[in-house]
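Heads up, the thing below is written out as structure tokens.
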Amino acid sequence: MKNTVTILLSILALTTLQAQENKLNLIVGTYTKSCESKGIYVYEFDSNTGDFSLKSNTEKIINPSYLTVSNDNKFVYSVSENDKKSSVSAFGFNSKSGKLDFINYQNPNGLNPCYIINDEKNVITANYSSGSISVLGKNSDGSIGVVKQVVQHTGKSINASRQEAPHAHMVYFSPDKKYVLANDLGTDKVYLYQNNPNSATEVLTLKSSIDVKPGSGPRHLIFSKDGKYVYVLQELDGTITSFSYAEGMLKKVSETTVVAPDFKGDIGAADIHISPDGKFLYATNRGTANDISVFKILKNGKLELVQRTSTLGKGPRNFNIDPTGNFLLVGHQYTNDIVIFKRDKKTGILSNTGKKIELCSPVCLVFTKQ
């Protein structure tokens with residue numbers, strides 16, 4: 001009898017542990033001026049079922065559009081896009097309760113920061129309107145220090161309305177964090193900076209840069225799982241350019257597109273991610289298409305189209321794949337929701353679950369452990 005009870009208790013404990021492991025935090029940054037939003041929201045997300053529940057939210061944070069979580073899961077850093085009043089904020093994060101406690105904010109000395117990353121020493125932002133990159137220090141208590149460095153891009157490109165000046169749109173660490181890659185939509189360039197995190201004033205030093213097609217507007221990028229390839233998504237023409245990567249240098253491999261051959265309308269390619277197993281790449285297109293393209297990643301780094309399907313909303317600005325690879329969630333800026341798709345892990349194909357999170361203007365979706 002004792003053995004039976006012991007076995008049953010062991011099974012119960014294992015089942016409970018597995019259930020807990022399936023529960024993730026989904027942290028969402030939003031725009032707050034177009035509808036009623038309190039800023040950053042934290043949901044519990046079940047990676048087995050696709051179910052969700054609200055855990056917490058901030059109060060009165062303006063346009064915390066993009067955010068990043070510290071490696072130890074204890075702090076969240078967010079931009080606030082607010083023109084000359086733009087800022088970068090630090091929050092203490094309780095991963096169990098989902099509670100976010102405001103710590104401090106700093107002026108990044110740049111206008112409308114639209115992307116943010118962090119490592120052990122620094123917080124780095126891409127500032128869209130000023131076409132610059134800001135590096136701010138991190139203190140031992142998780143708070144953000146003063147600006148260490150501002151890297152100013154220069155130049156323009158052929159689209160007079162969108163590329164009249166530099167517009168830094170993304171900063172992204174190489175897998176080994178030795179380099180920071182920066183897309184500039186305004187200059188049609190990808191810059192590669194050597195990362196010197198312990199430096200007091202020269203954290204980023206330019207190693208190389210590479211031009212993309214004039215007028216294409218590089219927006220977001222992603223590394224392949226083995227770190228050998230980089231895929232750059234261009235906002236203005238929907239091109240995905242594949243590059244081989246080694247030690248701060250890019251070399252073009254091939255190009256494809258998220259735009260259907262017969263498409264006639266406005267293009268606004270937005271976000272790009274790779275499945276956790278490294279086999280499939282996904283990229284969204286806003287404009288009048290409002291769809292997502294699925295590509296199989298071939299051994300030579302090239303992409304093969306698998307599926308192109310509606311995101312079931314307007315303005316699919318950001319999306320993310322949960323760490324198990326079971327679900328892909330798309331945040332719609334204009335229809336104010338996050339649509340939950342089921343992923344077929346073998347084929348990469350997406351199907352609608354019928355589930356969605358109603359939320360004002362979601363812009364950034366980040367998964368973390370509880």
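Derivation of every value follows stated rules applied to the coordinates shown; laboratory data play no part. Fair warning: this is a prediction, and the values are worked out from it, not measured in the lab. With ideal geometry, Cβ positions are generated from the backbone for all residues, glycine too; neighbour counts draw on all protein chains shown.
Here are the numbers for the structure shown:
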{"read-out": "Rel. contact order, % - alpha carbon contacts under 8 angstrom, at least six apart, the range 122-245", "value": "17 percent"}
{"read-out": "Amide hydrogen neighbours beyond the local backbone of Ser87, cut-off 5 Å, H modeled", "value": "Ser80, Asn82"}
{"read-out": "Hz values of 3J(HN,Hα) by residue in the range 50-62 - Karplus curve (6.51, -1.76, 1.60), Gly and Pro given as x", "value": "x, 7, 8, 8, 6, 9, 6, 7, 7, 10, 6, 9, 7"}
{"read-out": "J(HN,Hα) series, the range 184-199, from Karplus relation 6.51 cos²θ - 1.76 cosθ + 1.60, nearest Hz, glycine and proline x", "value": "10, 5, x, 10, 6, 9, 10, 9, 10, 10, 6, 9, 10, x, 8, 5"}
{"read-out": "Over the range 62-211: Rg over Rh, Cα atoms, Kirkwood Rh", "value": "0.98"}
{"read-out": "Least to most buried among Cys35, Cys360 (fewest other Cβ within 10 Å first)", "value": "Cys35, Cys360"}
{"read-out": "Sites Lys264 and Asn352, calculated FRET efficiency, Cβ-Cβ separation with R0 35 Å, nearest 0.05", "value": "0.85"}
{"read-out": "Most to least packed among 252-264, 210-222 [average Cβ atoms within 10 Å]", "value": "210-222, 252-264"}
{"read-out": "Efficiency of FRET between Glu202 and Ser140 - r from beta-carbon atoms, R0 22 angstrom, step 0.05", "value": "0.50"}
{"read-out": "Amide hydrogen neighbours beyond the local backbone of Asn104, cut-off 5 Å, H modeled", "value": "Ala90, Ile144"}
{"read-out": "Cα centroid of the range 40-79 to Cα centroid of the range 305-348, whole Å", "value": "18 Å"}
{"read-out": "For the chain: relative contact order, % (alpha-carbon pairs under 8 angstrom, 6 or more apart)", "value": "11 percent"}
{"read-out": "Estimated dipole of the range 62-211 in Debye, rounded to 20 [Cβ of Lys and Arg +1, of Asp and Glu -1, Cα centre]", "value": "140 debye"}
{"read-out": "About the Cα centre, charge dipole magnitude for the chain (Lys/Arg +1, Asp/Glu -1 at Cβ), debye", "value": "420 debye"}
{"read-out": "Alpha-carbon centroid distance for the pair the range 111-128 / the range 349-370, whole angstrom", "value": "23 Å"}
{"read-out": "Dipole-positive endmost among Asn22, Cys360, Asn318 within the chain (Cβ charges, Cα centre)", "value": "Asn22"}
{"read-out": "Signed unit charges on C-beta, dipole axis of the range 62-211, positive-most listed residue His169, Ser209, Phe91", "value": "Phe91"}
{"read-out": "Mean-position separation - Cα centroids, the range 236-299 and the range 185-212, in angstrom", "value": "22 Å"}
{"read-out": "Amide H partners (placed H, <5 Å) of Thr257, local residues excluded", "value": "Ile240"}
{"read-out": "Ellipticity estimate at 222 nm from DSSP helix runs (n ≥ 4, -39,500 (n - 2.57)) divided over the chain, nearest 500", "value": "-2000 deg cm²/dmol"}
{"read-out": "Ile158-Cys35 FRET efficiency (beta carbon distance; Förster radius 30 Å; 0.05 resolution)", "value": "0.30"}
{"read-out": "Under Karplus coefficients 6.51, -1.76 and 1.60, residue-wise ³J(HN,Hα) of the range 116-130 in Hz, glycine/proline x", "value": "8, 9, 8, 10, 5, 10, 9, 10, 10, 10, 9, 9, 5, 5, 9"}
